[in-house]
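First up is the structure itself, then whatever we jot down about it.
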Amino acid sequence: MPEKLSQRDVVRLRKAMANSQNDSFFKHLKNLLRAKLRFDTLLILQFNPNGAPHFLDGWLRRTAMLQVAMEQYLMGAYRLDPFYQFDTLNEGGAMYRLSEIAPDRFFTSEYYLQYYRQTKLCDEIGLLIPLPSGDIAHISISRREETRPFRRKELQCLRHYSPILLEMLKAHCIYRATQPSPIATLPARHLSQIIQTEAAETLGVKLTKRETQIAGLVLQGHSNASAALKLGMAYETAKVHRRNIYRKLSISSQQELFSRFKEVL
């Protein structure tokens, strides 16, 4: 995929820019991207720190499992999504491949094995940009296993044009915020709150604040070392917290930890 835009590319780009503040933006965005690369899902989401994500627009190749997975995602699985959890964005936003921002044990985590892999997606690109409201706008572009991962040339081109894609995304989300929404934002609880409540009310186990934080990071796919770095604590301290969590819950693995909280995630 060459970086130089053809005349047709320029026309598609101008149409997307001209329609970034109306309801036809997604159609023009899809046409622009589809002319450059193949994908199996294209989604626009708005991550709300105080509620469940807003699903703004999307296209899924005709696969029922992907549609079910999307419903599960919006119901709660988003809490373990590396793109949702990513918190080091600059003002202008950026583009990332899933493998670039995922926790170090993400691809062996139960979330990945029991949820993400079941969608048959093999690669995902995310564009993220902060909004004036405090939300994060997100474009997700994914490929299924039969399509194979994005090629380096495709990634390079997307990175080259990501700044203008991000600005269009931001403008579109600001526009959408001015429009009546048929769906109210559902109140969201942070992952650690969900773990603490479920442990106490269903499992009869009292976890400390630090233990719930560690448990949440383990569920996301962080190792002890990665969790320690994330929380600014010593590796041995994180290791002790994890050992205490497992002892209190009478478990011995991340798989068992996931099974304890699967129904509320």
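We did not get these values from a lab; they are worked out from the coordinates using the rules stated. Predicted, not measured: the structure shown is a model, and the values here were computed from it. So basically every Cβ, Gly included, is an ideal-geometry build from the backbone, and we count neighbours across all protein chains shown.
Tabulated data for the structure shown
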| quantity | calculated |
| --- | --- |
| Calculated on alpha-carbon atoms, Rg and Dmax of the range 1-146 in Å | 15.6, 46 |
| Spin-label model distance (nm) - E256 vs K239, 7 Å beyond Cα toward Cβ | 2.0 |
| Which of M75, M17 has the fewest Cβ neighbours within 10 Å, and the rest in rising order | M75, M17 |
| Positive-end residue of A18, G93, M70, charge dipole of the range 7-177 with Cβ unit charges | A18 |
| Cβ-based charge dipole, the range 191-264, positive-most Cα from V205, S226, T237 | T237 |
| Contact order normalised by residue count of the chain, Cα under 8 Å, 6+ apart, percent | 22 |
| Helix 25-34 vs. the chain, principal-axis angle (Cα, 0 to 90°, nearest 10) | 90 |
| Once the Cα gyration tensor of the range 68-121 is diagonalised, semi-axes √(5λ) in Å | 21, 14, 10 |
| The chain, dipole about Cα centre (Lys/Arg Cβ +1, Asp/Glu Cβ -1), debye to the nearest 20 | 640 |
| Rg ratio (alpha-carbon, reference 2.2 N^0.38 Å) - the range 191-264 | 0.99 |
| Shape parameters for the chain, alpha-carbon atoms, Rg then Dmax in Å | 19.7, 65 |
| Most to least packed among 214-224, 122-132 [average Cβ atoms within 10 Å] | 214-224, 122-132 |
